[in-house]
1. Which is exposed (fewer than 13 other Cβ atoms within 10 Å of the Cβ) and more than 16 Å from the chain's Cα centre (by Cα), of GLU32, GLU40, GLU26?
2. Among (1) at pLDDT below 85; (2) within 28 Å of the chain's Cα centre (by Cα), there is one condition ALA140 misses while meeting the rest; what is its number?
3. Could you pull out the residue among PRO65, PRO106, PRO89 that is at pLDDT 95 or above, open to solvent by 20 Å² or more (accessible area, probe 1.4 Å) and of a type outside the set (Lys, Arg)?
4. May I ask you to verify whether ASP73 is at pLDDT 95 or above and acidic (Asp, Glu)?
5. Residue under question is VAL15, and the condition is that it be surrounded by 20 or more Cβ atoms within 10 Å (Cβ to Cβ), among the aliphatic types (A, V, I, L, M) and touching a Pro at 6+ places or on another chain (Cβ under 8 Å); does it hold?
Amino acid sequence: METLTTPERMVRIAVDLVNTKSRNPEKLTSPEALGQFLLEHGEPAATVDERDLAQIKVIRERIRPVFHAEPADAARILNELLTEYAVRPYLSDHDGSPWHLHVAKPEPTWAEWLAAGAALGLAGFAAGHGFDAIGACAAADCERVFVNAAERRPRRFCTPTCSSRTRVASYRARSKAAAADSGH
């Protein structure tokens, strides 16, 4: 297991993990799908099984509320994850890899590694950008989450597509209401 841990990478993994289950069909449907997810996030040697899949889904659901909670509750959730999964960071160059930072205990499961790194990444992101930079899409038909490091905030939608779709729906609803009010 390659455990290169950078805050930006772990924030991206946390967001993408939560977004594997929204109103869209479940994306983590098998160990192979989980392996592909890990591969897409820089873990080329990921060997996973049904147990890893089940454990990571539990972690996903523990991380999800961070994107919806008030700051104090989000901080509590992250602190609980850090207490449970993170260890004092340490440097390692195992298996011929370059020096890198570990924040999970030695020989962690994939779920432990992900929980420690995602919690640390999100906590660091919140400390640097504020909890208002961590959010969930405001589109009525979307459940995706996002982070926004841009200075211009707040961001309300996960993508411009959701923003446009919401604007168009609002315009159509106003037009329909205006037409009904005018008797047309």
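1. GLU32
2. (1)
3. Working: PRO106 fails: at pLDDT 95 or above; PRO89 fails: at pLDDT 95 or above.
It is PRO65.
4. yes
5. Taking the combined requirement at face value, the residue does not satisfy it.
The values are calculated or read from the model by the stated rules, or taken from the named source; none is laboratory data. Predicted model, so just to flag it, every value in this text is computed and none were measured. Using ideal geometry, Cβ is built from the backbone for each residue, glycine included, and neighbour counts are taken over all protein chains shown. Calculation scope for accessible area: heavy atoms of the full protein, side chains included, ligands and nucleic acids excluded. Shrake-Rupley method; radii C 1.70, N 1.55, O 1.52, S 1.80 Å.
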